[in-house]
1. Considering only residues that are on the phi < 0 side of the Ramachandran plot, free of Cβ contacts under 8 Å to residues at least 12 places away in the same chain and not acidic (Asp, Glu), which ones fall in the stretch 48-71?
2. Considering the stretch 60-79 alone, what residues qualify as being within 18 Å of the chain's Cα centre (by Cα) and modelled with pLDDT under 90?
3. If we keep just the residues of the stretch 1-58 that are out of contact with any Asp or Glu (no Cβ under 8 Å at 6 or more places or on another chain) and of a type in the set (Asp, Glu), which is nearest to VAL144 (Cα to Cα)?
4. Kindly establish whether VAL40 is hydrophobic (A, V, I, L, M, F, W, C) and out of contact with any strand residue (DSSP E or B) (no Cβ under 6 Å at 6 or more places or on another chain).
5. Can you pull out the residues in the stretch 48-66 that are in a loop (DSSP other than H, G, I, E, B) and surrounded by 17 or more Cβ atoms within 10 Å (Cβ to Cβ)?
6. Return the residues of the stretch 130-154 that are surrounded by 14 or more Cβ atoms within 10 Å (Cβ to Cβ) and free of Cβ contacts under 8 Å to residues at least 60 places away in the same chain; say none if nothing qualifies.
7. Identify the residue in the stretch 2-28 that is within 20 Å of PHE138 (Cβ to Cβ) and among the hydrophobic types (A, V, I, L, M, F, W, C) and, among all such residues, is farthest from the chain's Cα centre (by Cα).
8. I'd like the full set of residues that are outside any loop (DSSP other than H, G, I, E, B) and among the β-branched types (Val, Ile, Thr), limited to the stretch 127-163.
Amino acid sequence: NTIILFTNDNGGQTSNGANNFPLQGKKGTLWEGGVRVPWVMRWKGEIPAGRVIDQPVIALDLLPTLIEAAGGEVSLDWNLDGRSFLELLGVKLKTTAVVEVPRPLFWRQGGIGGPRAMREGKWKIIHDRKSGDKPALFDLSKDVGESRDLASENGEVLKAMLRKLNAWEKQLEEPRWGPGASRKN
């Protein structure tokens, strides 16, 4: 009944010799090289050997996944950002919680006005508001290195994603410490 899990919290820090190729970016950025990491799980008798999923998950999914694996029930009342992904791995769900899969993934650094990103399906937007850059849009199914900005060619996709990103960001509580903190100690 042992689950073996290997993952990381961020991409490699290139100043220390890490190489995230073919991904752009590094630790501390919202590019794929900063947020895309391996996630390997083994649970003998539950997860079929060799099972590979291409659905992106996020570190926030770890808690509800392990609670469910331990036989616990994750209540939607908890309002967790993460979701159990045992069903994606071929494990029979132990709860009746409705899971939105696929679902958009969101990132933000440093509070209001900081860099932010969103991934939905094959599309990803990155918006570094601190630099004054316009939002960039990438098709990760064809450009995992995020080298070709498709925002000007896919304006409707960009607008729809920005609406979702803005709505997500609006419901966030501002950081209480660090960059972007709304209050100072």
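The values are calculated or read from the model by the stated rules, or taken from the named source; none is laboratory data. Keep in mind that what you see is a predicted model, and the values were worked out from it rather than measured. So basically every Cβ, Gly included, is an ideal-geometry build from the backbone, and we count neighbours across all protein chains shown.
1. Across the stretch 48-71, the qualifying residues are ALA49, VAL52, ALA70.
2. ASN79
3. So the residue we want is ASP54.
4. Considered against the rule, which asks whether it is hydrophobic (A, V, I, L, M, F, W, C) and out of contact with any strand residue (DSSP E or B) (no Cβ under 6 Å at 6 or more places or on another chain), VAL40 comes out as no.
5. Within the stretch 48-66, PRO56, VAL57, ILE58 qualify.
6. PRO135, ALA136, LEU137, PHE138, ASP139, ASP143, ASP149, LEU150, ALA151, ASN154
7. Restricting to residues being within 20 Å of PHE138 (Cβ to Cβ) and among the hydrophobic types (A, V, I, L, M, F, W, C), the top hit is PHE21.
8. VAL157
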